[in-house]
Amino acid sequence: MTFAFVGNPSVGKSVFFSRLTGVGVEVSNYPGTTVTLTRGVVKARGKTIEVVDLPGIYSLGASTEDEKVTKKFLIQDEPDVIINVLDASRLERNLFLTLQLLELNIPMVIALNQIDLAEELGIRVDVDKLSELLGLPVVPTVAIRGEGLDEVVLVALGEQGKAQDHYRVMYSQLIRQALAGLDFSFPDSSPSVKIAALLNDAEFVELCCMPPEANALLTYARRFRQNLELEHRLSVHDTVSRDLYGESGHIVDSVVIRVEPGKSMKDRIDGVLTSPNFGIAVLIGALLLTFLLVFRVGGFLESWIVDGIFEPHILGPVEAMTEGMPPIIRNLIVYSLRGVEAGVAIAIPYIAVFYAILSVFEDSGYLTRAAFLLDNLTHRLGLHGRAVIPLVLGFGCNVPAIMAVHALGTRREKRIASLLISLIPCSARTVIILGLVGTFVGFWAAVSIYVMEVFIIAAMGWVLGKTLPGQRSGFIMEMTPLRKPELNSTLKKTWMKSREFLYIAFPLLLVGSAFLGIADALGLLSVFQDFVEPLSVGLLGLPAFAATALVFGILRKEMALQILAVLAGTANFAAVMTPLQMYQFAVITTIYVPCVATIAVLKHELGWKDTSMIVLFTVFLALGVGVLIRYFGPYFL
């Protein structure tokens, strides 16, 4: 049996799911897409039930990848029961999707979530009357506290296979006239398919009908739509939306009693957080605090893991034990362990710390306020407010930042955000900027690299926003109410998101490390160094050994600095490199191809084609900037 969780974003659906399934879940992409589905298993009354957490959507439209995947899953995979999670404090907006789901004729149960929050806001829902009106079971829940979750599953079990006599939308005369015309030519097609045809949702129609019937239905519907719009000067799409909202409003008026609540401290705090002036100041402070915590706590944990565990107790003894082994076997072992070290040092310190903070922001409702405040700014980069969090995360680590582009609506936005994140100087690049330029060239020289990076990122975002083809999604987001985050929920969400890196990026990181070790043992890195010498020495003016250090930076960015010291024979870089060369090396390392772990998650999110294009672009951009620094840098350094 399969139960599908469907609902708007921020209704508590994921909290509901994680509470119900615990940590035994599987995260995977829907076939042919980059949209993630989370699956888990629940046992109830001796039956094993697969539960699927579908992406949060506002409608069964076709404007975002999330909407398309949800619609495709419901039609093609056809779950046994839909569990539609509604936010009781935002019932009218949520019912828009509910009315669309009813037309699919799949057994459904309503989980009326956040009942406690609705009551705080003076909203009282007559659950029995709502159930009677919709013709569906309605179960009140408070997912964050685990209340009502088991009851929802047990009720859903009872609805499996039932033919529900549910609520039918009464469309306006204009739409009924069009449907009557289609009924005459296509009597066997369901009302939901005919509505989709009128809305020109070809994907929905093609999923439900064979190609000849689908093409004919879309053609007939197009004629009806054009005639009606010419005759009545009303958009069919707008009319359907108006009808659905009208029905939602009617239902809410029938089942909701509103009591005017007094102005609470939460309301006053909310007013500050969303104000144009104070809100921006708070947001900047929150972003700086996030960056500081990720950098400081992550850096402390990384030092402890690397210097306190791996180097003295694992890598040191293993290097000593493998001293007499053939170089290929020794390098395979040592480099693989270094890959494990890099993976653990990235996953635990930076990803887990950031996702813990992100979960707090998400559960408290602050995330939607940050997106709202920065929407205008990010629109100039071809994105919208929701992209703020992944971009900020990139300063800590590019890996979780690119994983966070799931939240963006369209593939176009995911491509733009992923490229911009790849250019953001993460904490590992910061090690190179501060450890090389900050120490041996000067503080302001190091600051200038950040300024240069911000300029490049802004310029690339503006260019891509203007030129990259693809769908632009509008930014419609309900402001979720402020509430106190629950520790248990935060820890579970942190674990579920962090382990995605371990499953996706860690294996490729391990393979990449082993490959570099074998290449080094076979002398291929030396061959590479000789091969690129005309480029590294002739064009860029760097020392010959710098090219090999740049290659190791692909494994882990700060390793470029470590290998540079090994190859140079000293950590006093001023003795072997000029200030211009150090500045140039740091800039190239900061811009060119991200580390193996980042490449792995890029491939997971975008596929090999887009990943290859991003890698090649960053390499050529780094070389171009490096050449400019060689010839114009002496005027400034």
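Shown for Trp304, Trp495, Trp444: other C-beta atoms within 10 Å of each C-beta, ranked fewest to most, produce the order Trp444, Trp304, Trp495.
Stretching the chain fully between His313 and Thr274 yields a gain of 9.0 nm (0.36 nm per residue, less the alpha carbon separation). Extension gain, Asp165 to Ile456: 0.36 nm times the residue separation minus the Cα-Cα distance gives 98.9 nm. Ordering of 545-552, 516-523 by packing is 545-552, 516-523, highest average first (other Cβ atoms within 10 Å, averaged per residue). Since only Ile49, Gly12, Ala88 are under comparison, the one whose Cα sits farthest along the positive direction of the charge dipole of the stretch 2-159, derived from C-beta charges on Lys, Arg, Asp and Glu, is Ile49.
Neighbour counting of Cβ atoms within 10 Å sorts the residues Thr439, Thr611, fewest neighbours leading, into Thr439, Thr611. Dipole size of the stretch 2-159 about its Cα centre, with +1 on Lys/Arg Cβ and -1 on Asp/Glu Cβ: approximately 280 debye, rounded to the nearest 20. Extension gain, Phe531 to Ile284: 0.36 nm times the residue separation minus the Cα-Cα distance gives 84.3 nm.
Think of the chain as having a plus end and a minus end, set by charges on the Cβ of Lys, Arg, Asp and Glu; of Gln226, Val259, Ile456, Ile456 sits farthest toward the positive end of this dipole.
Ratio of Rg to Rh for the stretch 173-258: 1.06 [Cα atoms; Kirkwood radius as inverse mean 1/r over pairs].
Summarising the amide proton neighbourhood of Thr141: residues at separation of 5 or more, or on other chains, whose placed amide H is nearer than 5 Å comprise Leu112, Asn113, Gln114, Ile115. The charge dipole of the stretch 173-258, taken about its Cα centre with unit charges on the Cβ of Lys, Arg, Asp and Glu (plus for the first two, minus for the last two), comes to roughly 240 debye. Placing a label point 7 Å from the Cα of Arg223 along the Cα-to-Cβ direction, the residues of the stretch 177-198 with a backbone N closer than 20 Å are 177-190, 193-198.
With the biggest extent put first, the Cα atoms of the chain measure 83, 53, 50 Å across the principal axes. Charge dipole of the chain (Cα centre as origin; +1 on each Lys and Arg Cβ, -1 on each Asp and Glu Cβ, all else neutral): 1020 debye, rounded to the nearest 20. Taking the charge dipole of the chain about its Cα centre, with +1 at Lys and Arg Cβ atoms and -1 at Asp and Glu Cβ atoms, the residue from Gln164, Val431, Ala521 reaching farthest to the positive side is Val431. With contributions of -39500 (n - 2.57) from each DSSP H run of at least four residues, the per-residue ellipticity at 222 nm computed over the chain stands at -19000 deg cm²/dmol.
Take Met452, Met559, Met321 and order them by how many other Cβ atoms sit within 10 Å, fewest up front. Each step should come with its number before you reach the end.
Values: Met452 16, Met559 22, Met321 11.
By the 10 Å Cβ count, ascending, the order reads Met321, Met452, Met559.
Within the stretch 75-95, what residues put their amide N at less than 17 Å from the label point 7 Å along the Cα-to-Cβ vector of Val259? What the label zone holds, given the 17 Å backbone N cut-off, is 89.
So if a site counts as exposed when it's one of the trypsin sites (Lys or Arg not before Pro), its DSSP state isn't H, G, I, E or B, and it has at most 15 other Cβ atoms within 10 Å, what's the longest stretch of the chain without one? Before the final figure, lay out each step's value.
Numbers: sites that count: Arg45, Lys162, Arg168, Arg233, Lys263, Arg380, Arg483.
The reported range is 484-637.
The Cα atoms of the stretch 2-159 define a convex hull whose projected area, averaged across directions, is 8.9 nm². Legend: Rg and Dmax of the stretch 499-637, from Cα coordinates, 15.7, 48 Å. Per-residue 3J(HN,Hα) values for the stretch 448-464, derived from phi via the Karplus relation 6.51 cos²θ - 1.76 cosθ + 1.60 with θ = phi - 60°, read 4, 5, 5, 4, 4, 5, 4, 4, 5, 4, 5, 5, 5, x, 5, 5, 5 Hz in sequence order (x marks Gly and Pro).
Working note: Cα atoms of the stretch 296-372, range along each principal axis, descending, whole Å: 60, 22, 14.
Rule-based calculations on the coordinates, nothing more; no lab input. Everything numeric in this text was worked out from a predicted model, so none of it was measured. Positions of Cβ are backbone-derived with ideal geometry, glycine not excepted, and every protein chain shown enters the neighbour counts.
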